[in-house]
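The structure under discussion appears below in the form of structure tokens.
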Amino acid sequence: MTMAALMGCVVMLLAGCLAEDKLKLAVEAANKQCPFSMGTTGYVESIEYEDGVVTYTLALNEQVSNIKAMSENPDVVKRTVMTNFIHPEGELKTMHDLILDANASVRYVYKGNSSGDSFEVTFTADELKAAEDNSSLNVEDKLNAEIEATNMQLPMQVDEATVLENLAVEDNSVVYLYQVDESVVSIDDMKSNADATKGNLKNMLENGGLPVQTFLKKVLDTGRNLRYRYTGNESGATTEIVFTTDDLQKILH
């Protein structure tokens with residue numbers, strides 16, 4: 001059973017319960033589905049409720065997440081997560097509404113899957129309600145928060161030849177900027193294999209889980225394309241892979 005289907009069943013079963021009891025039962029049901037995949041980002045290890053706090057423990061894939069940088073910038077992490085509390089959708093909205101009704105707080109515990117390092121951020125009930133009432137945060141603000149959270153973790157070695165250096169907004173596109181070690185692979189070879197590269201990236205986006213879907217939606221909400229630009233470290237030559245807004249809509253649906 002998917003998490004969305006599970007939450008739908010839980011809501012039907014909770015009619016007539018007190019707000020806190022509803023939340024406890026929903027958390028217990030969700031926790032039984034753990035570990036729950038977040039795609040390439042990692043997985044939800046557990047969801048627990050105690051003393052008015054819902055705690056999500058998240059095991060992060062340190063190949064795509066820099067746990068040290070995140071722990072050193074908790075305010076950036078918190079701003080980014082907070083944007084997801086503004087007009088949430090689907091199963092996120094179901095759980096979010098139960099948390100609000102119970103006047104509960106939320107704690108996220110992030111754990112590195114290889115280092116074992118961890119840190120946490122907490123949102124009080126008042127902060128969650130403020131986010132719910134916040135209509136001033138527009139789609140650009142949400143996207144910028146996501147970009148800021150990504151950039152604080154960079155540069156990041158992606159593979160033997162490629163380093164992700166920056167994520168930026170350029171006119172009508174959000175652009176991942178990579179540097180390529182040309183002693184390992186040439187830009188000309190990358191141009192020749194552009195179709196295969198785009199296919200691999202498309203597969204990654206389709207199977208990236210909720211965090212990737214959330215990011216893509218924020219890009220789409222601003223009406224932008226998504227670009228991957230690769231620059232040779234010696235020649236300065238570049239090649240790009242582009243996902244148009246139509247491409248992104250198809251990936252999300």
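The values are calculated or read from the model by the stated rules, or taken from the named source; none is laboratory data. All figures in this text were calculated on a predicted structure; none of them were measured in a lab. We place every Cβ from the backbone using ideal geometry, glycine too, and count neighbours over all the protein chains shown. Only protein heavy atoms, including side chains, enter the accessible area calculation; ligands, DNA and RNA are left aside. Shrake-Rupley method; radii C 1.70, N 1.55, O 1.52, S 1.80 Å.
Starting from 0.36 nm per residue, how many nanometres of slack lie between residue 253 and residue 160 once their C-alpha separation is accounted for?
Result: 30.2 nm gained on full extension.
The candidates 192, 46, arranged from most to least accessible area with a 1.4 Å probe in the full protein assembly, appear as 192, 46. Per-residue ellipticity at 222 nm from helix content only, as computed over the chain with -39500 (n - 2.57) for each DSSP H run of at least four residues, stands at -13500 deg cm²/dmol.
The H on the amide N of residue 182, modeled in the peptide plane, is under 5 Å from the matching H of 233, 234, each at least 5 residues off or on a different chain.
Per residue, how many Å² of accessible area does the chain show with a 1.4 Å probe? List each step's numbers first, then the result.
Details: 13040 Å² over 253 residues.
Roughly 52 Å² per residue, with all protein chains present.
Once both labels are modelled 7 Å past Cα along the beta-carbon direction, what's the residue 201-residue 72 spacing in nm? Between residue 201 and residue 72, the simple spin-label model gives 2.9 nm.
Expressed in nm to one decimal, what extension gain is obtained for the pair residue 148 and residue 107 from 0.36 nm per residue of sequence separation less their Cα-Cα distance? Spell out each step's value before the answer.
Numbers: separation 41, 0.36 × 41 = 14.76 nm, distance 2.11 nm.
Gain on stretching residue 148 to residue 107: 12.6 nm.
Remark: spin-label model distance residue 48-residue 237 equals 5.5 nm, labels positioned 7 Å along the Cα→Cβ axis. Most simply put, the chain has about 65% antiparallel DSSP beta bridges, counting only bridges with both residues inside it. Expressed to the nearest 5 percent, the antiparallel share of DSSP beta bridges inside segment 149-253 is 65 percent.
Solvent-accessible surface of protein heavy atoms, probed at 1.4 angstrom with all chains present, puts 70, 204, 82 in the order 204, 82, 70, largest first. Result for the chain in a Gaussian network model with C-alpha springs under 10 Å: among 175, 81, 158, the largest mean-square fluctuation is at 158.
Applying a DSSP loop filter and a limit of 12 other Cβ atoms within 10 Å to the trypsin sites (Lys or Arg not before Pro) in segment 27-121 leaves 32.
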